[in-house]
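Have a look at the structure below before the remarks.
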Amino acid sequence: IDIINLSLGHPIFEPAASDPLVLAVERASKAGIIVVTAAGNIGVNPQTGHTGYAGVTSPGNAPSAITVGALKTQTTVSRSDDRIPDYSSAGPTWIDAFVKPDLIAPGHNIVAIAARKGYLYKNYPQLKAADADYMRLIGTSMASAVASGVVALMVEAHRATFPTAPQLTPNTVKAALQYTAFQVHDDYGVPYDALREGAGALNGEGSIRLARTINTAAPLGAMWWTLWSPPFSTVGSESIAWQQTVIWGDAVVWGDTLPINRKAWSSSVIWGDSVVWGDSVVWGDSVVWGDSVVWGDSVVWGDSVV
(Lines give C-alpha, C1' and ligand atoms only; values in the text may rest on other atoms or scores of the structure.)
Protein backbone atom coordinates (compact mmCIF):
# COMPACT_ATOMS: atom_id res chain seq x y z
CA ILE A 1 0.00 0.00 0.00
CA ASP A 2 1.46 3.35 -1.07
CA ILE A 3 -1.47 5.69 -0.45
CA ILE A 4 -4.39 5.87 1.97
CA ASN A 5 -7.26 8.17 1.01
CA LEU A 6 -9.52 9.20 3.90
CA SER A 7 -12.59 10.92 2.48
CA LEU A 8 -14.13 11.24 5.92
CA GLY A 9 -13.92 13.34 9.05
CA HIS A 10 -15.39 14.15 12.44
CA PRO A 11 -15.26 17.34 14.54
CA ILE A 12 -12.05 17.89 16.50
CA PHE A 13 -12.69 17.15 20.18
CA GLU A 14 -9.11 16.85 21.48
CA PRO A 15 -5.53 17.82 20.58
CA ALA A 16 -3.93 16.06 17.65
CA ALA A 17 -1.39 14.51 20.02
CA SER A 18 -4.11 12.39 21.67
CA ASP A 19 -6.65 11.93 18.85
CA PRO A 20 -6.61 8.18 18.02
CA LEU A 21 -7.40 8.78 14.34
CA VAL A 22 -4.64 11.37 14.01
CA LEU A 23 -2.19 9.05 15.76
CA ALA A 24 -3.06 6.29 13.29
CA VAL A 25 -2.40 8.67 10.39
CA GLU A 26 0.95 9.65 11.87
CA ARG A 27 1.95 6.00 12.31
CA ALA A 28 1.06 5.26 8.69
CA SER A 29 3.03 8.29 7.52
CA LYS A 30 6.06 7.29 9.59
CA ALA A 31 5.88 3.87 7.93
CA GLY A 32 6.16 5.57 4.53
CA ILE A 33 2.49 5.44 3.51
CA ILE A 34 1.16 8.67 1.99
CA VAL A 35 -2.09 9.68 3.71
CA VAL A 36 -4.44 12.06 1.90
CA THR A 37 -7.46 13.30 3.85
CA ALA A 38 -10.40 15.63 3.34
CA ALA A 39 -10.34 19.05 5.04
CA GLY A 40 -14.07 18.93 5.80
CA ASN A 41 -17.17 20.73 4.58
CA ILE A 42 -17.64 23.12 7.51
CA GLY A 43 -16.53 26.35 5.91
CA VAL A 44 -19.83 28.09 6.66
CA ASN A 45 -21.38 28.75 10.05
CA PRO A 46 -24.71 26.87 9.85
CA GLN A 47 -26.41 29.39 12.16
CA THR A 48 -25.32 32.61 10.41
CA GLY A 49 -24.46 31.45 6.89
CA HIS A 50 -21.14 33.33 7.11
CA THR A 51 -17.92 31.91 5.75
CA GLY A 52 -15.53 31.24 8.61
CA TYR A 53 -12.34 29.67 9.80
CA ALA A 54 -11.32 26.75 12.06
CA GLY A 55 -13.67 24.19 10.48
CA VAL A 56 -11.09 21.53 9.53
CA THR A 57 -12.16 18.08 10.72
CA SER A 58 -10.16 15.17 12.12
CA PRO A 59 -8.00 13.52 10.77
CA GLY A 60 -7.39 16.55 8.54
CA ASN A 61 -5.57 18.03 11.55
CA ALA A 62 -2.88 15.32 11.37
CA PRO A 63 0.40 17.21 10.80
CA SER A 64 1.84 14.70 8.32
CA ALA A 65 -1.37 14.11 6.35
CA ILE A 66 -1.92 15.83 3.02
CA THR A 67 -5.12 17.67 3.91
CA VAL A 68 -7.12 18.78 0.88
CA GLY A 69 -9.78 21.46 0.55
CA ALA A 70 -12.17 21.82 -2.38
CA LEU A 71 -11.80 23.84 -5.57
CA LYS A 72 -14.63 24.80 -7.92
CA THR A 73 -13.32 24.67 -11.50
CA GLN A 74 -16.49 26.11 -13.11
CA THR A 75 -16.31 23.13 -15.54
CA THR A 76 -13.84 25.07 -17.70
CA VAL A 77 -10.30 24.28 -18.81
CA SER A 78 -9.15 27.73 -17.71
CA ARG A 79 -7.74 27.93 -14.21
CA SER A 80 -8.13 31.70 -13.88
CA ASP A 81 -11.86 31.35 -13.07
CA ASP A 82 -11.36 28.72 -10.33
CA ARG A 83 -12.77 29.57 -6.90
CA ILE A 84 -12.88 28.03 -3.44
CA PRO A 85 -16.48 27.09 -2.56
CA ASP A 86 -17.70 28.45 0.77
CA TYR A 87 -18.33 25.00 2.25
CA SER A 88 -14.64 23.98 2.04
CA SER A 89 -13.23 24.02 5.58
CA ALA A 90 -10.53 26.53 6.38
CA GLY A 91 -7.88 26.47 9.10
CA PRO A 92 -6.44 26.91 11.58
CA THR A 93 -7.21 23.58 13.19
CA TRP A 94 -9.29 23.69 16.34
CA ILE A 95 -7.25 23.44 19.59
CA ASP A 96 -3.77 23.14 17.98
CA ALA A 97 -4.07 26.02 15.47
CA PHE A 98 -2.19 24.12 12.74
CA VAL A 99 -2.17 25.66 9.26
CA LYS A 100 -4.51 23.51 7.18
CA PRO A 101 -5.53 22.61 4.49
CA ASP A 102 -2.23 21.85 2.78
CA LEU A 103 -3.67 22.53 -0.66
CA ILE A 104 -6.98 22.51 -2.56
CA ALA A 105 -8.11 20.30 -5.45
CA PRO A 106 -11.15 19.94 -7.73
CA GLY A 107 -14.01 18.73 -5.55
CA HIS A 108 -17.14 20.46 -6.85
CA ASN A 109 -19.55 18.58 -9.14
CA ILE A 110 -17.13 15.70 -9.66
CA VAL A 111 -18.49 12.74 -11.63
CA ALA A 112 -17.16 9.46 -10.23
CA ILE A 113 -18.01 5.79 -10.05
CA ALA A 114 -21.11 5.12 -7.95
CA ALA A 115 -21.73 2.61 -5.19
CA ARG A 116 -25.06 1.40 -6.57
CA LYS A 117 -26.06 -0.27 -3.30
CA GLY A 118 -25.02 2.73 -1.22
CA TYR A 119 -27.22 5.15 0.71
CA LEU A 120 -26.56 8.16 -1.53
CA TYR A 121 -27.30 6.27 -4.73
CA LYS A 122 -30.57 4.87 -3.41
CA ASN A 123 -31.89 8.02 -1.72
CA TYR A 124 -30.65 10.85 -4.00
CA PRO A 125 -31.50 9.91 -7.60
CA GLN A 126 -30.87 13.50 -8.70
CA LEU A 127 -27.16 12.89 -8.13
CA LYS A 128 -26.96 10.17 -10.77
CA ALA A 129 -25.05 10.98 -13.94
CA ALA A 130 -26.19 10.12 -17.47
CA ASP A 131 -24.37 6.82 -17.10
CA ALA A 132 -26.14 4.99 -14.26
CA ASP A 133 -22.82 3.66 -12.95
CA TYR A 134 -21.73 7.18 -12.05
CA MET A 135 -22.76 9.98 -9.67
CA ARG A 136 -21.99 13.70 -9.42
CA LEU A 137 -20.86 14.68 -5.92
CA ILE A 138 -19.64 17.80 -4.14
CA GLY A 139 -17.19 18.19 -1.25
CA THR A 140 -13.67 17.88 0.06
CA SER A 141 -14.07 14.10 0.05
CA MET A 142 -14.03 14.30 -3.73
CA ALA A 143 -11.09 16.73 -3.65
CA SER A 144 -8.98 14.39 -1.52
CA ALA A 145 -9.74 11.52 -3.91
CA VAL A 146 -8.65 13.64 -6.90
CA ALA A 147 -5.43 14.53 -5.06
CA SER A 148 -4.85 10.85 -4.22
CA GLY A 149 -5.03 10.02 -7.92
CA VAL A 150 -2.37 12.61 -8.70
CA VAL A 151 -0.21 11.27 -5.88
CA ALA A 152 -0.51 7.79 -7.39
CA LEU A 153 0.71 9.15 -10.73
CA MET A 154 3.61 10.89 -8.95
CA VAL A 155 4.66 7.63 -7.28
CA GLU A 156 4.36 5.77 -10.59
CA ALA A 157 6.38 8.40 -12.48
CA HIS A 158 9.13 8.38 -9.85
CA ARG A 159 9.44 4.59 -9.86
CA ALA A 160 9.61 4.49 -13.65
CA THR A 161 12.45 7.05 -13.61
CA PHE A 162 14.36 5.73 -10.57
CA PRO A 163 13.45 2.03 -10.29
CA THR A 164 16.17 1.21 -7.73
CA ALA A 165 15.96 4.38 -5.60
CA PRO A 166 14.00 4.63 -2.33
CA GLN A 167 10.34 5.53 -2.77
CA LEU A 168 9.05 9.07 -2.36
CA THR A 169 8.29 9.80 1.29
CA PRO A 170 5.00 11.37 2.41
CA ASN A 171 6.84 14.59 3.30
CA THR A 172 8.50 14.76 -0.11
CA VAL A 173 5.20 14.23 -1.91
CA LYS A 174 3.46 16.92 0.14
CA ALA A 175 6.31 19.37 -0.48
CA ALA A 176 6.22 18.70 -4.23
CA LEU A 177 2.44 19.18 -4.33
CA GLN A 178 2.75 22.50 -2.50
CA TYR A 179 5.75 23.72 -4.47
CA THR A 180 4.00 23.22 -7.81
CA ALA A 181 0.58 24.52 -6.64
CA PHE A 182 -0.84 27.69 -8.18
CA GLN A 183 -2.50 30.74 -6.64
CA VAL A 184 -6.30 31.05 -6.67
CA HIS A 185 -8.19 34.37 -6.50
CA ASP A 186 -11.70 35.29 -5.42
CA ASP A 187 -14.26 37.16 -7.55
CA TYR A 188 -12.53 40.47 -6.76
CA GLY A 189 -9.11 39.23 -7.87
CA VAL A 190 -7.83 38.98 -4.29
CA PRO A 191 -5.69 35.89 -3.54
CA TYR A 192 -7.15 33.53 -0.97
CA ASP A 193 -5.16 33.35 2.26
CA ALA A 194 -3.20 30.28 3.34
CA LEU A 195 -5.92 29.21 5.78
CA ARG A 196 -8.34 28.82 2.86
CA GLU A 197 -6.12 27.46 0.09
CA GLY A 198 -3.04 26.18 1.89
CA ALA A 199 -0.14 26.43 -0.54
CA GLY A 200 -2.54 26.75 -3.48
CA ALA A 201 -4.39 24.61 -6.01
CA LEU A 202 -3.35 21.13 -7.11
CA ASN A 203 -1.20 21.12 -10.24
CA GLY A 204 -1.18 17.58 -11.61
CA GLU A 205 1.16 18.28 -14.53
CA GLY A 206 3.71 20.11 -12.41
CA SER A 207 3.77 17.71 -9.48
CA ILE A 208 4.14 14.63 -11.71
CA ARG A 209 6.89 16.32 -13.74
CA LEU A 210 8.70 17.28 -10.54
CA ALA A 211 8.42 13.74 -9.15
CA ARG A 212 10.37 12.48 -12.18
CA THR A 213 13.35 14.67 -11.26
CA ILE A 214 13.80 13.68 -7.59
CA ASN A 215 16.60 11.15 -7.12
CA THR A 216 15.85 9.84 -3.63
CA ALA A 217 19.15 7.94 -3.61
CA ALA A 218 21.06 11.23 -3.30
CA PRO A 219 22.80 11.73 0.07
CA LEU A 220 21.54 14.20 2.67
CA GLY A 221 22.56 17.75 1.87
CA ALA A 222 23.10 17.01 -1.82
CA MET A 223 21.16 18.25 -4.82
CA TRP A 224 18.61 15.57 -5.65
CA TRP A 225 16.87 17.20 -8.58
CA THR A 226 18.34 15.59 -11.68
CA LEU A 227 16.77 18.13 -14.00
CA TRP A 228 15.62 21.70 -13.55
CA SER A 229 11.88 22.01 -14.12
CA PRO A 230 10.63 25.39 -15.36
CA PRO A 231 8.36 26.63 -12.52
CA PHE A 232 5.22 26.96 -14.58
CA SER A 233 2.65 24.72 -16.26
CA THR A 234 0.59 25.22 -19.39
CA VAL A 235 -3.11 24.43 -19.06
CA GLY A 236 -5.14 25.08 -22.17
CA SER A 237 -3.87 28.41 -23.43
CA GLU A 238 -2.72 29.64 -20.00
CA SER A 239 0.77 29.59 -18.53
CA ILE A 240 0.40 29.13 -14.77
CA ALA A 241 3.19 30.00 -12.36
CA TRP A 242 4.04 27.63 -9.52
CA GLN A 243 3.82 29.05 -6.01
CA GLN A 244 7.30 27.61 -5.20
CA THR A 245 6.55 27.67 -1.48
CA VAL A 246 6.11 25.05 1.21
CA ILE A 247 4.01 25.64 4.33
CA TRP A 248 6.04 23.97 7.07
CA GLY A 249 4.15 24.11 10.34
CA ASP A 250 3.05 27.72 10.77
CA ALA A 251 5.61 29.30 8.45
CA VAL A 252 6.23 29.61 4.72
CA VAL A 253 9.54 28.21 3.49
CA TRP A 254 10.90 29.09 0.08
CA GLY A 255 14.21 29.59 -1.71
CA ASP A 256 16.32 26.57 -2.68
CA THR A 257 14.66 24.28 -0.13
CA LEU A 258 13.10 21.55 -2.24
CA PRO A 259 15.97 20.85 -4.69
CA ILE A 260 18.15 19.66 -1.75
CA ASN A 261 17.70 16.33 0.02
CA ARG A 262 17.10 17.42 3.60
CA LYS A 263 16.18 15.65 6.81
CA ALA A 264 12.78 17.35 6.67
CA TRP A 265 11.77 15.16 3.72
CA SER A 266 12.33 11.87 5.57
CA SER A 267 9.48 9.79 7.00
CA SER A 268 11.00 10.04 10.48
CA VAL A 269 10.21 13.76 10.72
CA ILE A 270 6.69 14.92 11.58
CA TRP A 271 5.61 17.75 9.29
CA GLY A 272 6.20 21.05 11.08
CA ASP A 273 8.94 19.80 13.43
CA SER A 274 11.94 22.02 14.05
CA VAL A 275 14.56 21.30 11.39
CA VAL A 276 17.67 23.08 10.15
CA TRP A 277 17.05 24.42 6.65
CA GLY A 278 20.14 26.51 5.94
CA ASP A 279 20.94 30.18 5.54
CA SER A 280 19.19 30.57 2.20
CA VAL A 281 15.74 29.72 3.51
CA VAL A 282 13.36 32.55 4.28
CA TRP A 283 10.73 32.03 6.97
CA GLY A 284 7.50 34.00 6.73
CA ASP A 285 5.41 34.91 9.78
CA SER A 286 2.19 35.97 8.09
CA VAL A 287 0.62 32.60 7.37
CA VAL A 288 -1.79 32.46 10.29
CA TRP A 289 -1.80 35.79 11.99
CA GLY A 290 -1.30 38.20 9.08
CA ASP A 291 -3.60 41.06 8.16
CA SER A 292 -5.15 39.06 5.33
CA VAL A 293 -7.04 36.87 7.80
CA VAL A 294 -10.17 38.43 9.25
CA TRP A 295 -10.89 37.39 12.83
CA GLY A 296 -14.32 38.37 14.05
CA ASP A 297 -17.96 37.39 13.79
CA SER A 298 -17.38 35.39 10.61
CA VAL A 299 -14.99 32.99 12.31
CA VAL A 300 -16.48 29.61 13.13
CA TRP A 301 -15.39 28.68 16.66
CA GLY A 302 -16.50 26.26 19.35
CA ASP A 303 -19.80 24.43 19.21
CA SER A 304 -20.79 26.06 15.93
CA VAL A 305 -18.13 23.98 14.17
CA VAL A 306 -19.98 20.75 14.99
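The values are calculated or read from the model by the stated rules, or taken from the named source; none is laboratory data. The shown structure was predicted, so the numbers you read here are calculated from the model rather than taken from an experiment. A quick note on method: Cβ atoms are made from the backbone with ideal geometry, for glycine too, and the neighbour counts reach across all protein chains shown. Ligands, DNA and RNA are stripped out before the accessible areas are found, and what is left, the full protein with its side chains, is counted by its heavy atoms. Shrake-Rupley method; radii C 1.70, N 1.55, O 1.52, S 1.80 Å.
Which value, in debye to the nearest 20, gives the size of the charge dipole of the chain about its Cα centre, when Lys and Arg are +1 and Asp and Glu are -1 at the Cβ?
1060 debye
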Worksheet entry | DSSP beta bridge pairing in the chain, given as percent antiparallel to the nearest 5 | 65 percent
Item to complete: Give the accessible area for D133 in Å² (nearest 10); use a 1.4 Å probe, count only protein heavy atoms, and leave out ligands, DNA and RNA.
Response: 60 Å²
Practice prompt. Working with all protein chains in place, sort E26, E205 by solvent-accessible area computed with a 1.4 Å probe, largest first.
Written response: E205, E26
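Placing unit charges on C-beta atoms (Lys and Arg positive, Asp and Glu negative, everything else neutral), compute the dipole magnitude of the stretch 128-210 about its Cα centre in debye, rounded to 20.
In total the dipole reaches around 260 debye.
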Item to complete: Mind ranking K128, K30 by accessible surface for me, highest first, 1.4 Å probe?
Response: K30, K128
Item to complete: May I ask you to derive the relative contact order of the chain, considering only C-alpha pairs under 8 Å and at least 6 residues apart, and to give it as an integer percent?
Response: 20 percent
Response to the item:
Accessible-area order for F98, F162, F13, largest to smallest, probe 1.4 angstrom, reads F13, F98, F162
Worksheet item: Using the alpha-carbon centroid of each, what span in Å lies between the stretch 199-227 and the stretch 61-140?
Response: 26 Å
Worksheet entry | Residue-averaged 222 nm ellipticity for the chain, from DSSP H runs of 4+ at -39500 (n - 2.57), nearest 500 | -6000 deg cm²/dmol
Worksheet item: How large is ³J(HN,Hα) for each residue in the stretch 131-142, as worked out from phi by the Karplus curve 6.51 cos²θ - 1.76 cosθ + 1.60 (θ = phi - 60°), to whole Hz, x for Gly and Pro?
Response: 8, 5, 7, 10, 9, 10, 10, 10, x, 5, 5, 6
Worksheet entry | Sites E205 and Q47, calculated FRET efficiency, Cβ-Cβ separation with R0 35 Å, nearest 0.05 | 0.30
Worksheet, complete the sentence: Once all protein chains are kept in place, K263 shows an accessible area at probe 1.4 Å, nearest 10 Å², of 130 Å²
Worksheet, complete the sentence: If the chain between Y119 and I95 were fully extended at 0.36 nm per residue, the gain over the current Cα-Cα distance would be 5.3 nm
Fill in: Two-site FRET efficiency, L127 against T75, from Cβ-Cβ distance with R₀ of 22 Å, rounded to 0.05
0.85
Worksheet item: Given a Förster distance of 30 angstrom, what is the FRET efficiency for S268 paired with S18, based on the Cβ-Cβ distance and rounded to 0.05?
Response: 0.90
Worksheet item: What percentage of all Cα-Cα pairs in the chain are separated by more than 34 Å?
Response: 18 percent
Practice prompt. Mind grabbing the accessible area of H50 for me, 1.4 Å probe, Å², rounded to tens?
Written response: 90 Å²
Response to the item:
Between the Cα axis of helix 170-180 and the main Cα principal axis of the chain, the angle (0 to 90°, nearest 10) is 80 degrees
Discussion item. Between helix 20-30 and the chain, what is the angle of the helix's C-alpha long axis to the longest principal axis, kept within 0 to 90° and rounded to the nearest 10?
Written reply: 30 degrees
